[in-house]
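Have a look at the structure below, then the notes.
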Amino acid sequence: MSMQPHILSFILINLSLIISAPTWAQSCFHPQRNEQIREIFQPEPNYNETSETIHQIHRLIWSYRHQLDPRLVYYRIIGESGGDPFSINPSSGAYGLFQFLGKPYGSSRTHRQILESLYRQYPNKSPRLIQVEYYLKDYLKIFVTAADSGYGCNRNKSYSEYSHLERVAYLGWGSCTEATLQKELNLCNTVDSYQNGACEIASALIRGARTAPLCHLN
């Protein structure tokens, strides 16, 4: 017995949806599906971390996605410190997950001193969670405020108008000159720690290429 054309069409359409569903599900970016991120963000007992702590870090990063794409946050952490919150650059003294250097504008304390004060204030809290909170809630806020006040990359552009490359360079180097933008782009060609995972996460994004959307994160 032959199938009616409309029945056959219905079956083929639904079959195509079933086949394409896994591909669609895998086409968005999710930190817990990324091998490099999973490897770095394992709960570390010495940092007072549990699986919930790690999920809290991911949720926090996701909550700032409209100001800074999460891939740029993971890119910086992996490239700069490999997830070690106590990493110190012996030549510059840069410190922590994001290799903080110097002081916030108008502060008498360095970023490192501020973070160490927070460790003492919250001795049972993960230092990685403290640093991610500080980076997003304080460090990023300072830069966004400066940019929106005309003291960022371009006096005629607010922070929301910056490209992904301008945002990550501005937060990393404090400016968006041609030199600093190129310096940022060169990290993926010259620095091992960026080549080993970080650039796979964000290279296309900072170069302005088409990338997968962000997944929904519970």
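Just to be sure I understand: with springs between alpha-carbon atoms less than 10 Å apart, which residue in Gly106, Gly82, Gly93 has the highest mean-square fluctuation in the Gaussian network model of the chain?
Gly106
Pull up all non-local amide H partners of Phe29: gap of 5 or more, or a different chain, and H-to-H distance under 5 Å with H placed in the peptide plane.
Excluding prolines and chain starts, which carry no amide H, the hits are Leu214, Cys215.
In the Gaussian network model of the chain, springs joining C-alpha atoms below 10 Å, which of Tyr170, Tyr122, Tyr75 carries the largest mean-square fluctuation?
Fluctuation is largest for Tyr122.
Report D for region 32-191 in µm² per second (integer): Stokes-Einstein, Kirkwood Rh on Cα pairs, 37 °C, 0.692 mPa s. Kindly include the intermediate steps, with their values, before the conclusion.
Details: Rh = 16.4 Å.
In µm²/s, the coefficient rounds to 200.
At a 1.4 Å probe radius, which order do Thr53, Thr110, Thr190 fall into by accessible area, largest first?
Values: Thr53 15, Thr110 40, Thr190 95 Å².
Ranking Thr53, Thr110, Thr190 by accessible area, largest first, yields Thr190, Thr110, Thr53.
Keeping all protein chains in position, work out how much accessible area Asp138 exposes to a 1.4 Å probe, and write it in Å² to the nearest 10.
Rounded to the nearest 10, the figure is 70 Å².
Report, in order of residue number, the helices in the chain meeting two criteria: a C-alpha extent of 27 Å or more along the helix axis, and a mean Kyte-Doolittle hydropathy of at least -1.0; treat each whole DSSP H run as one helix.
Working: long enough: 5-25 (30 Å, 1.44).
TM-like helix candidates: 5-25.
Using a simple spin-label model with points 7 Å from Cα along the Cα→Cβ vector, what separation in nm is obtained for Asp192 and Lys157?
Output for this residue pair reads 3.4 nm.
The values are calculated or read from the model by the stated rules, or taken from the named source; none is laboratory data. These numbers come from a predicted model, not from an experiment. Methodologically, a virtual Cβ is constructed for each residue, glycine included, from the backbone with ideal geometry; neighbour enumeration extends over all protein chains shown. For the accessible areas, the whole protein counts, side chains as well, though only heavy atoms, and no ligand, DNA or RNA atoms are used. Shrake-Rupley method; radii C 1.70, N 1.55, O 1.52, S 1.80 Å.
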